[in-house]
Amino acid sequence: MTDAADQTLSDDDTAALSVVLSRFGGADALSVQRMPIPQPQDDEVLVRVRAASVNPVDYKIAQGKFPPIGEDKLPLILGRDLAGTVEAMGTRAHYMVRHGDRVMAHIGIDRGAQSEFVVAKAVEFIAIPEGVDFPEAAGAGLASMTAWQGLFDQGGLDNGQTVLIHGAAGGVGHLAVQFAKWKGARVIATASAKDVDFVRSLGADTVIDYKAGRFEDQVSDVDLVLDLIGGDTGERSLAVLREGGILVSTVQPPSDDKKAGRDVRIAPRFMAQPNAAQLGQVADLMAAGNVRVTVARTFPITEAAAAYREQEEGHPSGKIVLLLD
Ligand SMILES: NC(=O)c1ccc[n+]([C@@H]2O[C@H](COP(=O)([O-])OP(=O)(O)OC[C@H]3O[C@@H](n4cnc5c(N)ncnc54)[C@H](OP(=O)(O)O)[C@@H]3O)[C@@H](O)[C@H]2O)c1
């Protein structure tokens, strides 16, 4: 793909400029082209998208890695989360919203969010609170649901417990740190040296530069490890859990034989699900100033390939967000 827009393809206003994957091959395989505008049904809304974030899963899908997508599903619009205004409604959606309302959503894997017009289901979208802009709202979607569900639904984190969060400066991690602090937990976090101050500013009690030393020499007896890294990091984390503690991974968790006979739990790999009720709780925390989404960098949708490269290789602190007119 060229990083410049292919806006000349069509001026058809019944089609939506979208980030499209037509063949596997990473950022080079993306194109920005016009796709048909979907129609909202029943309690769905059609959103005129103003911002959509980039998540690692987007470049993983574009590379043909995870989750595996069949060639028969291509061409595919990418993206999991968005913010914008209500453009049209299904027959029952007027109970919830009005034309022009500002909404944010984490949408299901059956659609893509990086498009000018996207259908969101009632279980996926909420109103954007006052004082929260479109890029922040878009950045909250998948990342916040992953952090929330990982910490609380999978990990059972509670007031007074200690959590170790690996990858704390990234999209999911920077929100997980804030959610855990809000819950009243003690937070130990790992990050690169350049992000130590950033993660501390989010409220982490202890931040470990993971390249400067082994975290397991500095941490022990934690109730929960939220592992956003996987591999060796996940395996080494089992040693820092207290007896009965639990490791939750957003990637591939270690196998049971890595427990070395210790009484610790490893949660099965989980996939964050859209949950408007939980997204509403996150929005309340944002509105109250208890949680902020850090947008590291924005790109126009026409530069989607550059945004994908930045997400994969640029070590952003927080979220990468695409902007739409
Ligand atoms: N299962 C699900 O539903 C789900 C949902 C969302 C995300 N995920 C996955 O969860 C992972 C994290 O997502 P994300 O959006 O937060 O990614 P991200 O924004 O790329 O953040 C990852 C962070 O980890 C840091 N890092 C890299 N290696 C590290 C290490 N060994 N120890 C500690 N920190 C390290 C990175 O910074 P430096 O490279 O500068 O150190 C970066 O700040 C991704 O693999 C993603 O695909 C899964």
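The values are calculated or read from the model by the stated rules, or taken from the named source; none is laboratory data. No experiment lies behind these values; they were computed from the predicted model shown. Neighbour counts run over all protein chains shown; Cβ positions are idealised from the backbone, glycine included.
Search the range 205-230 for residues being among the acidic types (Asp, Glu) and farther than 23 Å from Gln154 by Cα, and hand back the single one that is nearest to the ligand (Cβ to nearest atom). Show your work before the answer.
Going residue by residue through the range 205-230, those that are among the acidic types (Asp, Glu) are 205, 209, 216-217, 221, 223, 227.
If we keep only those that are farther than 23 Å from Gln154 by Cα too, we end up with 209, 217.
Numbers: Asp209: 9, Asp217: 14 Å.
Checking each candidate, the answer is Asp209.
What number of residues within the range 231-256 are of a type outside the set (Lys, Arg), within 15 Å of the ligand (Cβ to nearest atom) and surrounded by fewer than 18 Cβ atoms within 10 Å (Cβ to Cβ)? I'd like the intermediate steps shown before the answer.
So in the range 231-256, the residues of a type outside the set (Lys, Arg) come out as 231-235, 237-241, 243-256.
Subset that is within 15 Å of the ligand (Cβ to nearest atom): 231-235, 237, 240, 247-254.
From what's left, surrounded by fewer than 18 Cβ atoms within 10 Å (Cβ to Cβ): 231-232, 235, 251-252.
Residues that pass the stated criteria total 5.
Looking at the range 82-101, is at least one residue farther than 20 Å from Ser22 by Cβ, of a type in the set (Asp, Glu), more than 16 Å from the ligand (Cβ to nearest atom) and modelled with pLDDT of 95 or more? Let's see the steps before the verdict.
Start the filter on the range 82-101 by keeping residues that are farther than 20 Å from Ser22 by Cβ, which leaves 82-101.
If we keep only those that are of a type in the set (Asp, Glu) as well, we get 87, 101.
Then drop every residue that is not more than 16 Å from the ligand (Cβ to nearest atom), which leaves 87, 101.
Now drop any that are not modelled with pLDDT of 95 or more, which leaves 87, 101.
Looking for residues that are farther than 20 Å from Ser22 by Cβ, of a type in the set (Asp, Glu), more than 16 Å from the ligand (Cβ to nearest atom) and modelled with pLDDT of 95 or more, one finds at least one in the range 82-101, hence yes.
Regarding Gln273, is this residue surrounded by fewer than 18 Cβ atoms within 10 Å (Cβ to Cβ) and within 12 Å of the ligand (Cβ to nearest atom)? I'd like the intermediate steps shown before the answer.
Working: surrounded by fewer than 18 Cβ atoms within 10 Å (Cβ to Cβ): yes; within 12 Å of the ligand (Cβ to nearest atom): yes.
The answer is yes for Gln273.
Taking the criterion of being buried (at least 18 other Cβ atoms within 10 Å of the Cβ), within 14 Å of the chain's Cα centre (by Cα) and among the hydrophobic types (A, V, I, L, M, F, W, C), would at least one residue in the range 297-320 satisfy it?
yes
Could you tell me how many of the residues in the range 79-96 are surrounded by 22 or more Cβ atoms within 10 Å (Cβ to Cβ) and of a type outside the set (Gly, Ala, Ser)? Walk me through it before giving the result.
Initially, the range 79-96 is screened for residues surrounded by 22 or more Cβ atoms within 10 Å (Cβ to Cβ), giving 79-84, 86, 93.
This time we only want the ones that are of a type outside the set (Gly, Ala, Ser), so: 80-82, 86.
Looking only at that region, the number is 4.
If you scan the range 165-192, which residues turn out to be within 9 Å of the ligand (Cβ to nearest atom) and part of a helix (DSSP H, G or I)?
Listed by number, the residues that qualify are Gly171, Val172, Gly173, His174, Leu175, Ala176.
For Arg262, are the conditions met, namely being of a type in the set (Lys, Arg), farther than 30 Å from Met96 by Cα and either assigned to a helix (DSSP H, G or I) or within 11 Å of the ligand (Cβ to nearest atom) (or both)? Explain how you work it out, then say what you get.
Numbers: of a type in the set (Lys, Arg): yes; farther than 30 Å from Met96 by Cα: yes; either assigned to a helix (DSSP H, G or I) or within 11 Å of the ligand (Cβ to nearest atom) (or both): no.
No; evaluated as a whole, the condition is false for this residue.
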